[in-house]
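Data first, discussion second: the structure below is written as structure tokens.
Every read-out reported here was derived from the displayed coordinates using simple, explicitly stated rules and does not represent laboratory data. As the structure is a prediction and not an experimental result, all values here were calculated from the model. Quick reminder, even Gly has a Cβ in these numbers, built from the backbone with ideal geometry, and neighbours come from all protein chains shown.
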Amino acid sequence: MQSIEGAHAQKRQPVLERVFGLAAAGTDLRTELVAGTTTFLTMVYVVFVNPQILGNAGMDKGAVFTATCIAAAVSTLVMALYANYPIALAPGMGLNAFFAFTVVLTMKYSWQQALAAVFCSGVIFFLISIFRIREYIINSIPRNLKLAISAGVGLFLGIIALEESKIVVASPATLVTLGDLRNPNAALCLLGLVPITALNYRRVVGGTLLTLAFPWVSRPLVA
């Protein structure tokens, strides 16, 4: 009788609750919508930056744009529906720069040859994941090195943002130097940086989402 009642109670639950177990994970639909929208807006730059970087290697930017969208959508759906894990996936911003500027432009391989190497590495990563070798490798990496890798990726993305907003510009003497802060792009970036730091420090729910909307709304005024 109890099992029958439990089955009926489970059927009465919303679809998302049955699929993802939101209550068991200590969350709700509103929180997930805000978090999902924020994650999308903070990651969607990859869709535009990835074609620009790989375009330097001679790849068609339109094709790269489409492939980036499909890869991000499929991998994120697999992570959600199969692993039930709140992680969004997209092409890495460090490896695409290595692909374009080191393998193709510096080592003089064609982008087709470089792409074949990427396919081979993907097969290898798939195999070591299936046989749990990847887990052993990750566990053997010191914690300090893991933190350093995360910090390095963050700094790499940070310098991309600073360059795109013209807060820093190229310099033959020091590689980078301070740009013109009166530039509208630089002003908008700084106007967004201050509130996003403050709201996240105070743990305001949806603070990142609100801050991302602020520069977009303010753009016509600054321009």
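Compute the angle between helix 2-12 and the longest alpha-carbon principal axis of the chain, please, reported from 0 to 90 degrees and rounded to the nearest 10.
With rounding to tens, the tilt is 40 degrees.
Send over the per residue convex hull volume for the stretch 142-223, Cα only, as a whole number of Å³.
Expressed per residue, the convex hull around the Cα atoms of the stretch 142-223 is 113 Å³.
Amide H of Val168: which non-local residues (sequence gap of 5 or more, or other chain) have their own amide H closer than 5 Å, using H built in the peptide plane?
Glu163, Gly179
Would you order Thr68, Thr174 from fewest to most other beta-carbon atoms within 10 Å of each residue's own beta-carbon?
Fewest-to-most ranking of Thr68, Thr174: Thr174, Thr68.
Let me spell out the model: positive unit charges on the Cβ of Lys and Arg, negative unit charges on the Cβ of Asp and Glu, origin at the Cα centre of the stretch 142-223. What dipole size does that give, in debye rounded to 20?
The calculated dipole for the stretch 142-223 is roughly 340 debye.
Quick check on the chain: helices-only [θ] at 222 nm, where DSSP H runs of length 4 and up contribute -39,500 (n - 2.57) each and the sum goes over total residues. Nearest 500, please.
Numbers: 11 runs with 153 residues, N = 223.
Computed mean residue ellipticity for the chain: -22000 deg cm²/dmol.
Quick check: residue separation of Asn139 and Glu163 times 0.36 nm, minus the Cα distance between them. What number comes out in nm?
That works out to 5.1 nm of additional length.
Straight-line reach from Lys146: which aspartates and glutamates have a Cα under 19 Å away, not including same-chain ones fewer than 8 places off?
Glu135
Determine ³J(HN,Hα), in whole Hz, for all residues of the stretch 92-108 in sequence, where each value follows from phi through the Karplus function 6.51 cos²θ - 1.76 cosθ + 1.60 and θ = phi - 60°; x replaces Gly and Pro.
With coefficients 6.51, -1.76 and 1.60, one gets x, 7, x, 6, 5, 5, 5, 4, 6, 8, 9, 5, 8, 6, 8, 7, 6 Hz.
Name the long-range amide H neighbours of Val176: under 5 Å, sequence gap of 5 or more, or other chain; modelled H, no Pro or chain starts.
The answer is Ser171.
Could you work out how much longer the chain between Val205 and Phe40 gets when fully extended? Use 0.36 nm per residue separation minus the Cα distance between them, nm to one decimal.
57.8 nm
Quick one: 3J(HN,Hα) in Hz for the stretch 163-180, Karplus 6.51/-1.76/1.60 with θ = phi - 60°, rounded, Gly and Pro as x.
Per-residue couplings from phi come out as 6, 5, 8, 6, 5, 10, 9, 5, 9, x, 8, 10, 6, 10, 8, 5, x, 7 Hz.
Return one number: the angle in degrees, 0 to 90 and rounded to the nearest 10, between the long axis of the Cα atoms of helix 45-55 and the longest principal axis of the Cα atoms of the chain.
Taking the Cα atoms of the chain, the angle to 45-55 is about 50 degrees.
Once you charge only the Cβ atoms, +1 for Lys and Arg and -1 for Asp and Glu, what is the size of the charge dipole of the chain about its Cα centre, to the nearest 20 debye?
220
As an exercise, use a Förster radius of 22 Å and the Cβ-Cβ distance of Asn56 and Leu155 to find the FRET efficiency, rounded to the nearest 0.05.
0.55
Helix 184-201: angle to the longest alpha-carbon principal axis of the chain, degrees 0 to 90, nearest 10?
Its long axis makes an angle of about 40 degrees.
Can you pull the percent of Cα pairs in the chain with separation above 30 Å? Provide the component values of the computation, followed by the final result.
Values: 10354 of 24753 pairs.
Beyond 30 Å sits 42 percent of the P(r) for the chain.
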